[in-house]
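Colleague: The structure that follows is given in the form of structure tokens.
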Amino acid sequence: MPRVPFNKPYMTGNELSYITQAHAQGMLAGDGPFTKKCHEWLETQTECARALLTHSCTAALEMAALLLDIQPGDEIIMPSFTFVSTANAFVLRGGVPVFVDIRDDTLNIDEKLIEEAITSKTRAVCVVHYAGVSCEMDEIQAVCQRYDLALIEDAAQGVMSKYKDWALGTIGDYGALSFHETKNIISGEGGALLINDPADVQKAEIIREKGTDRSRFFRGEVDKYTWQEPGSSFLPGELIAAFLWAQFEDADDINERRLLSWRIYDRLLEQMEQEGKLRRPIIPVECDHNAHLYFGVLPEGVDRKPILKQLHEQEVYCLFHYVPLHDSPAGRKYGRVHGELKVTNDLSERLVRLPLWVGIPAEDQEFVVDCLEKAIDRQL
Ligand SMILES: *Cc1c(COP(=O)(O)O)cnc(C)c1O
């Protein structure tokens, strides 16, 4: 075990007992009692019209692309500064990601650049709430309404976060959540699709159940189930839902404890920011975030590589984020760039993510900040 690992998956202690219950009930396929509880929890927590567990956020995004019936050549506006799944979901349907730049403060898509990236082929905007901090949704929603575009939220990092009074994932047409082991609330692999228009619920259920109306059959609404439209198997098994239920029960506690550790970093780094050694995260007033990650931005012209190397030598695992998609082999092949992506290119080279997990000892955080400051000082 390294001195300070980057992530440590948090377990509440009840995961195995719920898995044992599911095992004893002998219901192992999807949509059993634990899945139902998880759906209800998500629907209450987020106030979406319908929540459906999936086996990943990637799968939830793929469902969104199927729900929108994305056709070859359709364009989807998104940031380049994101994880590959945001783009893959649409590229798998022949869609073309159109990459626009991000804001310098939140590293979220720059809402001011969306309108000029719209063409006659644009079908949707897919935003990403980086670090669980919301995009500027009022403005983005207004553009989408003006041009009749669908709005998808990649809220993989945004479970328990809010924009004004809305849970992330419930502002657009569809929201995709992740319960991957690296996220705040986990089930190993796992995710959910939030559906915000009740009119889309039936189609979403069909797509998730191999293109059949099996969900309606189980509710007794039809007397047999048949192939209705193209779909796949997007639902997780019951053991995953049992694990996830234990996490949902403790979600408030998990969230508070992460925020506590996040604020410790923020205090420890205040001085360094004043000295121009590192910029701390900037949280707009309308955003309630979930402390998904803590990162700093290095000063211009400072080389990140030797800093990360020095930290690793001290067994402090800081990481960077992301290799921008427009700069990757598949991004170049399948996507299109709008504008220069100056902020994306610049900040993706200067970002450093710090170790953060539920229960990280404050002494470890002090050690991380200490090592980080020394490593930066050597490069200044
Ligand atoms: C983690 C992540 C995903 C993928 O989530 P999975 O559940 O692993 O499929 C997608 N988008 C973003 C922004 C993420 O951070």
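Colleague: State the number of residues belonging to segment 86-108 that are without any contact (Cβ under 8 Å) to a residue 40 or more places away in the chain and touching a His at 6+ places or on another chain (Cβ under 7 Å).
Modeller: Of the residues in segment 86-108, 1 are without any contact (Cβ under 8 Å) to a residue 40 or more places away in the chain and touching a His at 6+ places or on another chain (Cβ under 7 Å).
Colleague: Assuming Gly220 fulfils every condition listed in (1) assigned to a helix (DSSP H, G or I); (2) modelled with pLDDT under 95 apart from one, which condition is it?
Modeller: Condition (1) is where Gly220 drops out.
Colleague: To continue, here is another question. Condition first: buried (at least 18 other Cβ atoms within 10 Å of the Cβ) and either farther than 24 Å from Asn108 by Cβ or without any contact (Cβ under 8 Å) to a residue 40 or more places away in the chain (or both). Can you find one or more residues in segment 287-306 that meet it?
Modeller: No: segment 287-306 contains no residue that is buried (at least 18 other Cβ atoms within 10 Å of the Cβ) and either farther than 24 Å from Asn108 by Cβ or without any contact (Cβ under 8 Å) to a residue 40 or more places away in the chain (or both).
Colleague: Can you name the residue in segment 118-140 that is of a type in the set (A, V, I, L, M) and crowded, with 21+ Cβ neighbours inside 10 Å and is also nearest to the ligand (Cβ to nearest atom) among such residues?
Modeller: Here is the first cut: in segment 118-140, the ones of a type in the set (A, V, I, L, M) are 118, 124-125, 127-128, 131, 133, 137, 140.
From what's left, crowded, with 21+ Cβ neighbours inside 10 Å: 124-125, 127-128, 131, 133, 137, 140.
Details: Ala124: 16, Val125: 15, Val127: 10, Val128: 5, Ala131: 9, Val133: 12, Met137: 16, Ile140: 16 Å.
Across segment 118-140, the extreme among qualifying residues is Val128.
Residue-by-condition table, conditions (1) over 28 Å from the mean Cα position of the chain (by Cα); (2) farther than 12 Å from Trp262 by Cα:
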residue	(1), (2)
Lys342	no, yes
Leu351	no, yes
Leu354	no, no
Gly359	no, no
Ala362	no, no
Cys371	yes, yes
Ala375	yes, yes
Gln379	yes, yes
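Colleague: Which residue is farthest from the ligand (Cβ to nearest atom), if the candidates are limited to segment 173-186 and must be among the aliphatic types (A, V, I, L, M) and part of a loop (DSSP other than H, G, I, E, B)?
Modeller: Per the stated criteria, the residue is Ile185.
Colleague: Name, by its number, the condition in (1) surrounded by fewer than 20 Cβ atoms within 10 Å (Cβ to Cβ); (2) within 17 Å of Pro284 (Cβ to Cβ) that does not hold for Gln145.
Modeller: (2)
Colleague: What single numbered condition from (1) touching a Gly at 6+ places or on another chain (Cβ under 8 Å); (2) under 22 Å from Asn196 (Cα atoms) fails to hold for Lys37?
Modeller: For Lys37, the exception is condition (1).
Colleague: Of everything in segment 187-209 that's outside any helix (DSSP H, G or I) and surrounded by 24 or more Cβ atoms within 10 Å (Cβ to Cβ), which residue is farthest from the ligand (Cβ to nearest atom)?
Modeller: The extreme case among them is Glu209.
Colleague: Moving to a separate point now. If I filter segment 53-84 down to residues being away from the ligand (no atom under 13 Å from the Cβ) and among the acidic types (Asp, Glu), which single residue comes out as surrounded by the fewest Cβ atoms within 10 Å (Cβ to Cβ)?
Modeller: Asp69
Colleague: Identify the single condition in (1) among the aromatic types (Phe, Trp, Tyr); (2) more than 15 Å from the ligand (Cβ to nearest atom); (3) in contact with a Gly (Cβ under 8 Å, 6 or more places away or on another chain) that Phe243 does not satisfy, given that it satisfies every other one.
Modeller: (2)
Listed here are the residues, each with its yes/no results for (1) at pLDDT 95 or above; (2) within 13 Å of the chain's Cα centre (by Cα); (3) of a type in the set (Phe, Trp, Tyr).
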| site | (1), (2), (3) |
| --- | --- |
| Ser134 | yes, yes, no |
| Ala155 | yes, yes, no |
| Val159 | yes, yes, no |
| Trp166 | yes, no, yes |
| Gly172 | yes, no, no |
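Colleague: Has segment 29-43 got any residue that is under 24 Å from Cys144 (Cα atoms) and within 16 Å of the ligand (Cβ to nearest atom)?
Modeller: no
Colleague: I'd like the full set of residues that are surrounded by fewer than 24 Cβ atoms within 10 Å (Cβ to Cβ), in contact (Cβ under 8 Å) with a residue 24 or more places away in the chain and not hydrophobic (A, V, I, L, M, F, W, C), limited to segment 148-162.
Modeller: Lys162
Colleague: Of the conditions (1) within 19 Å of the chain's Cα centre (by Cα); (2) surrounded by fewer than 14 Cβ atoms within 10 Å (Cβ to Cβ), Arg258 fails just one. Which one is it?
Modeller: Failing condition for Arg258: (2).
The values are calculated or read from the model by the stated rules, or taken from the named source; none is laboratory data. Being a predicted model, the structure only gives us computed values, none of them experimental. Methodologically, a virtual Cβ is constructed for each residue, glycine included, from the backbone with ideal geometry; neighbour enumeration extends over all protein chains shown.
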